[in-house]
1. If you check every pair at least six apart or on different chains, which have Cβ atoms under 8 Å apart with a residue in the stretch 266-295 that is free of Cβ contacts under 8 Å to residues at least 40 places away in the same chain first and a residue that is among the aromatic types (Phe, Trp, Tyr) and assigned to a loop (DSSP other than H, G, I, E, B) second?
2. How many residues, within the stretch 36-56, are more than 24 Å from residue 241 (Cβ to Cβ) and buried (at least 21 other Cβ atoms within 10 Å of the Cβ)?
3. Can you pull out the residues in the stretch 261-281 that are closer than 21 Å to residue 362 by Cα and either not assigned by TED's automatic domain parsing to the domain that holds residue 317 or not polar (S, T, N, Q) (or both)?
4. Being in a loop (DSSP other than H, G, I, E, B), without any contact (Cβ under 8 Å) to a residue 60 or more places away in the chain and farther than 22 Å from residue 241 by Cβ narrows it down to one of 24, 31, so name that one.
5. Looking only at the stretch 63-90, which residues are in contact (Cβ under 8 Å) with a residue 40 or more places away in the chain and surrounded by fewer than 20 Cβ atoms within 10 Å (Cβ to Cβ)?
6. Search the stretch 268-305 for residues being touching a Ser or Thr at 6+ places or on another chain (Cβ under 9 Å) and farther than 14 Å from residue 324 by Cα, and hand back the single one that is surrounded by the fewest Cβ atoms within 10 Å (Cβ to Cβ).
7. Filtering the stretch 301-330 down to residues that are outside any helix (DSSP H, G or I) and of a type in the set (A, V, I, L, M), which residue is farthest from residue 188 (Cα to Cα)?
8. Condition (residue is more than 20 Å from residue 219 (Cα to Cα) and at pLDDT 95 or above) applied to the stretch 320-330: is it met by at least one residue?
Amino acid sequence: MPRLLQINITANWGSHGRIAEEIGQLAMQNGWESYIAYGRWANPSKSHLIKIGNMWDERWHGVQSRLLDNHGLASKTATKKLIYAIKEIKPDLIHLHNIHGYYLNYPLLFDFLSNANVPVVWTLHDCWTMTGHCSHFMISGCDKWKTGCYACRELKEYPSSWLRDNSRNNFRLKKYWFNLITDLTLVPVCNWLSGVVSDSFLKGNKMQRIYNGIDISVFKPKVNNAVSDNRKKKFRIIAVASKWTDRKGLSDIVQIRKLLDEDFQITLVGLTLNQCKNLPSDIDGIVRTNSVNELAELYSSADVFINPTYEDNFPTTNIEALACGTPVITYRTGGSPEAIDENTGMVVEVGDINGLVAGIKKVCQSEHKEETRRLCRERAVKYFNKNDRYKEYLDLYQSLLNK
């Protein structure tokens, strides 16, 4: 029985954690033994879970990162214990996800992996791997990551540094360590990110794009009986994020509310309690939910899903909405437009609030809403069924083992 070890910041928690969990489940259904090593935040898992480090290690890593800009260079003891666990498990294949998040020392890990004689798959969920500091560079419009980072414009953003700019050295270290594994296959989650990899210092590695997938048996059109009669008479707009900031379009949505009349109702999902209290009275706020059934009901109850994000790679929320039969309007950001086509949504230029408002009115007032809902569902089933997408990983695993 082949053994799979995945490494991620979370286990069965959040979008990336659920992806790792579901890949592990599919692997087990096909005769693999599955392990997931994680840094923090875990829900019960069907895989064997391995906790990396502890709360104090995470906090000390965070302190060093903020003072020294050395994210990924602390947590030495935690990483050495992980390496010991890997040696005990003897996996046939190792699959990396997000290795940033204040829990791993990547030089130690990659030094081990480069000599482990085990194929490594690395799913790239953001851009941190290719830069000297940031996980996203879209808002700043920076392209230093193509040749060498310095004087970072995103220093105060995740993983934020308060004092030091170490981006030049971080870039140099990543370029060395991340190219050290000979049997490494990179998996960007969208075509846009594939293009970023092709322009980066990782371009010499094998690469295969695999879209994220979702559970289409859960994310499907549902009736939300909790919607009041008053709200049923309105056009319902929904927006979902795991963390709402202006970079996710929060202030843009507030502006949109001012430009729409009372026939339109906006609901934001994923807010903090404090954000809910400070929302304008004519926007409904819902705190983060880990209930996928509740989320599916919220998507299904909407006439349109909007994603005015200023930086993203391939948002899972887009395809969740589609699977529930809800058309998507998104800014032209990263791989976000790749989820839809001309029949299932609209793409608006970044920051074009008037264009977003016009798109909302067009979708909500369309005479072909039922046909659009059907096409949204069909597109999600065809392209983003997790069983199909994650089978691509299993096929990749097998090809690497066979080689």
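The values are calculated or read from the model by the stated rules, or taken from the named source; none is laboratory data. Bear in mind that the values here come from a model prediction, so they are computed numbers and not experimental data. Cβ coordinates were reconstructed from backbone atoms using ideal geometry, including for glycine residues, and neighbour counts include every protein chain displayed.
1. Hits for this filter: 268/244; 270/244; 271/244; 272/244; 275/244.
2. Matching residues across the stretch 36-56 total 5.
3. Within the stretch 261-281, 261, 262, 263, 264, 266, 268 meet the criteria.
4. Result of the check over 24, 31: 31.
5. Correct list: 66, 67, 68, 70, 85, 89, 90.
6. Among those residues, the one meeting the criterion is 287.
7. 302
8. No, the stretch 320-330 contains no residue that is more than 20 Å from residue 219 (Cα to Cα) and at pLDDT 95 or above.
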